[in-house]
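Some notes on the structure that comes next.
FYI, it's all coordinate maths here, none of it is from the lab. These figures come from a predicted structure and were not determined experimentally. Don't worry about glycine lacking a Cβ; one is built from the backbone with ideal geometry, like all the others, and counts go over all protein chains shown.
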Amino acid sequence: MNVILTRVPSTDQGTFGNFRMDDGTQFFSLELPWREDSNGISCIPPGVYQCKWILSPKHGECYQVTNVSYRDMIEIHSANFAGDASKGYISQLLGCIALGTSIGILNNQLAVLNSKGAIAAFETKQDKQDFTLTIR
C-alpha cells in the first residue's frame, strides 16, 4: 500500500494536507509548521518513508514513520492542533502526523476535526500492514 501526503502551504497554525490511500480513501493531515532551522521541531521533510505498525510507549498501537532524518518516534496519531507554540498557538504534536475527517476552527485556531475517528478508520483499512508514505 502507498499513501501520498500532499501539503498546502504551511502557516503558523500548522501544515495541513491531503492524505490519500491507494484505494482513493482520503483524510486531512496536520503537522507542525515548516521551520528551516527547526532542530526537529517542524513538519517532516518531503520524501519517501516506510511506515510500520508499532507499540508506542506514548500512543499505544500506531504507525511509526521510519528513517526521518535527525528524529525518532515520529508517529501517526490523533490530535487536533499543531500550531507554533512560540507564537501562542496550541500544539498537540512534537513532529508527528495527525489525521482528521475535516478542517475547521477550534479555540480560534485551525485544526483537523474528528481525529480519533479518522485514525480509527485509517488503521482499520490498513489492518496493521506496513506502507510507503510519500510526502510532497
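Using a 7 Å offset from the Cα along the Cα-to-Cβ direction at both T11 and A85, what is the distance between the two label points in nm, to one decimal?
2.2
Among I105, I97, I76, whose mean-square fluctuation peaks in a Gaussian network model of the chain (Cα, cutoff 10 Å)?
Sorting by GNM fluctuation, first place goes to I105.
Mind listing which trypsin sites (Lys or Arg not before Pro) in segment 54-104 are in a DSSP loop and have 14 or fewer other Cβ atoms within 10 Å? Each step should come with its number before you reach the end.
Numbers: sites: K58, R71, K87; in loops: K58, R71.
Within segment 54-104, the qualifying trypsin sites (Lys or Arg not before Pro) (loop, at most 14 other Cβ atoms within 10 Å) are K58.
List the relative contact order of the chain as a percent without decimals, with contacts defined as Cα pairs under 8 Å and 6+ residues apart.
Details: 343 pairs, mean separation 39.2, N = 136.
Relative CO of the chain lands at 29 percent.
Spin-label point model (7 Å from Cα, Cβ direction): what's the T66 to T134 distance in nm?
2.0
Which entry is the computed percent of Cα pairs over 22 Å apart for this structure: [x] 29; [y] 41; [z] 33?
Of the listed options [x] 29; [y] 41; [z] 33, [x] comes from this structure.
To the nearest 20 debye, what is the magnitude of the charge dipole of the chain about its Cα centre, counting +1 on the Cβ of each Lys and Arg and -1 on the Cβ of each Asp and Glu?
Working: 11 positive and 13 negative charges, 22 e Å.
In debye, rounded to 20, the chain gives about 100.
Loop only by DSSP, 15 or fewer other Cβ within 10 Å of the Cβ. Give me the GluC sites (Glu not before Pro) in segment 24-117 that pass, ordered by residue number.
On the way: sites: E31, E36, E61, E75; in loops: E36.
Hits after loop and neighbour filter: E36.
What is the order of R20, R136, R35, fewest Cβ neighbours within 10 Å to most? Don't skip to the answer; put the middle values down first.
Details: R20 17, R136 10, R35 14.
Arranged by neighbour count, lowest to highest, R20, R136, R35 become R136, R35, R20.
So which residue, out of G17, G88, G100, gets the largest mean-square fluctuation from a GNM of the chain using Cα contacts under 10 Å as springs?
Result: G88 has the largest fluctuation of those listed.
For the chain, modelled as a Gaussian network with Cα springs under 10 Å, which listed residue fluctuates most, S115, S102, S91?
Sorting by GNM fluctuation, first place goes to S102.
Along the positive direction of the dipole of the chain (beta-carbon charges: Lys, Arg +1; Asp, Glu -1; about the Cα centre), which of C62, S29, I44 reaches farthest?
S29
If I fit a long axis through the Cα atoms of helix 115-126 and take the longest principal axis of the Cα atoms of the chain, what angle between them do I get, 0 to 90°, rounded to 10?
20
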